[in-house]
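Here is the structure we will look at.
Nothing in this text is a laboratory measurement; each read-out follows from the coordinates by a stated rule. In this text the structure is predicted, and so the values were computed from the model without any measurement. Cβ placement follows ideal geometry from the backbone for every residue including glycine, while neighbour counts extend to all protein chains displayed.
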Amino acid sequence: MSTEKPSVTPLQIDVVSDVVCPWCFIGKARLEKALALKPDIPVEVRFHPYFLNPWVPREGMARDEYLTTKFGSPDRYKAIAGRVAAAAAEEGLTYAVDKMKRQPNTLDCHRLILWAQSAGKAADMKQRLMDLYFTDGADLSDREVLVQAAASIGMDSDDIRKMLASDADVARVEAAANSAKDAGIDGVPTFIFGGVAAVSGAQSPETLAEAIEQVANNREKFLAEQRAAQAAAV
């Protein structure tokens, strides 16, 4: 008689976020802590693009100009920045707001994450980009910064340079980001567990862990309820 345990389908966790969203930076760390709290639940994490600031030009813009446009002035952002820095520090992260001099458009960042996904390195790519931006103050509008970021996780720099110079997957990333907004997601990070339950915001590791456990243990029930609701809506 076989003693092997039946394989369990991993719980899919879809993370909708942007690399220049500080709460997404914090939220990713909290999700990782949540997963560590539930080591017996197999999961598959997939990252999806979101444009927090779709109006930022493709070449990026000066950070002060961005803060003035979005918040009224750089000074008005200081109180918010202080709260973000404190929350980041609690997760072992550094939010170095004074180092950020350029606000990038993140289309190319999301293309990099998409390409890294095929190699199983999407999480590494996303983390590298956020570390560069929030901690090092790197200019993610600079194509060579992106090329070197990709190379640092083992991707081929020549291939990435050529792909960034092309329109490869531009339409795909834009469509995915737009579909998130069409689905009603208006704040990030948003975590979708098993396609049936969503948690918005950089919630605590404990809150995320509880959601993971609830969906993992009741996903068939949730799916049945979802199908019933869809049928009733027809």
Q) Over segment 10-95, with a single point scatterer placed on each C-alpha, what log10 of the ratio I(q)/I(0) does the Debye formula yield at q = 0.20, 0.21, 0.22, 0.23 1/Å? A) -1.04, -1.09, -1.14, -1.19
Q. Which of the cysteines in the chain are isolated, no other cysteine C-beta under 4.7 Å?
A. Cys109
Q. Residue-wise, which Karplus ³J(HN,Hα) couplings in Hz belong to segment 187-202, taking 6.51 cos²θ - 1.76 cosθ + 1.60, θ = phi - 60°, and x for glycine or proline?
A. x, 10, x, 10, 10, 10, 9, x, x, 10, 9, 10, 10, 9, x, 7
Q. What ranking of Ser166, Ser17 emerges when the number of other C-beta atoms within 10 Å of each C-beta is taken as an exposure proxy, fewest first?
A. Ser166, Ser17
(Q) Placing +1 on the Cβ of each Lys and Arg and -1 on the Cβ of each Asp and Glu in the chain, which of Gly120, Pro74, Leu93 has its Cα farthest towards the positive end of the resulting dipole? (A) Pro74
Q: Grab the eigenvalues of the alpha-carbon gyration tensor for segment 47-149, scale each by 5, take roots, and send me the semi-axes largest first in whole angstrom.
A: 23, 17, 12
Q: Give the order of Phe71, Phe193, Phe134 when sorted by the count of other beta carbons within 10 angstrom, beginning with the fewest.
A: Phe71, Phe193, Phe134
Q) In which sequence would Phe47, Phe222, Phe191 go, from the one with the fewest C-beta neighbours within 10 Å to the one with the most? A) Phe222, Phe47, Phe191
Q: Please check the chain for the longest run free of GluC sites (Glu not before Pro) that are loop-located per DSSP (anything but H, G, I, E, B) and have at most 14 other Cβ atoms within 10 Å.
A: 60-234
Q: Let me know the number of lysine pairs in segment 11-233 closer than 26 Å at the Cα, not counting same-chain pairs under 8 apart.
A: 27
Q) Out of the DSSP beta bridges found with both residues in segment 11-233, what percent are antiparallel (nearest 5)? A) 60 percent
**Q.** Dipole magnitude of the chain, debye to nearest 20 (Cβ charges: Lys/Arg +1, Asp/Glu -1, about Cα centre)
**A.** 260 debye
Q | For segment 193-222 versus segment 28-86, the gap between their alpha-carbon centres in whole angstrom | A | 21 Å
Q. If we count every other residue with Cβ under 15 angstrom of Pro205's Cβ, Lys/Arg +1 and Asp/Glu -1, where does the sum land?
A. -2
Q: For helix 143-152, report the angle its Cα long axis makes with the longest principal axis of the Cα atoms of the chain; keep it between 0 and 90° and round to the nearest 10°.
A: 40 degrees
Q. From the residues Leu35, Ala197, Ser166, which one has its Cα farthest along the dipole of the chain in the positive direction, the dipole being from +1 and -1 charges on Cβ of Lys/Arg and Asp/Glu about the Cα centre?
A. Ala197
Q. At q = 0.09, 0.15 Å⁻¹, what is the log10 ratio I(q)/I(0) for the chain, with the Debye formula run over Cα points and no solvent?
A. -0.42, -1.08
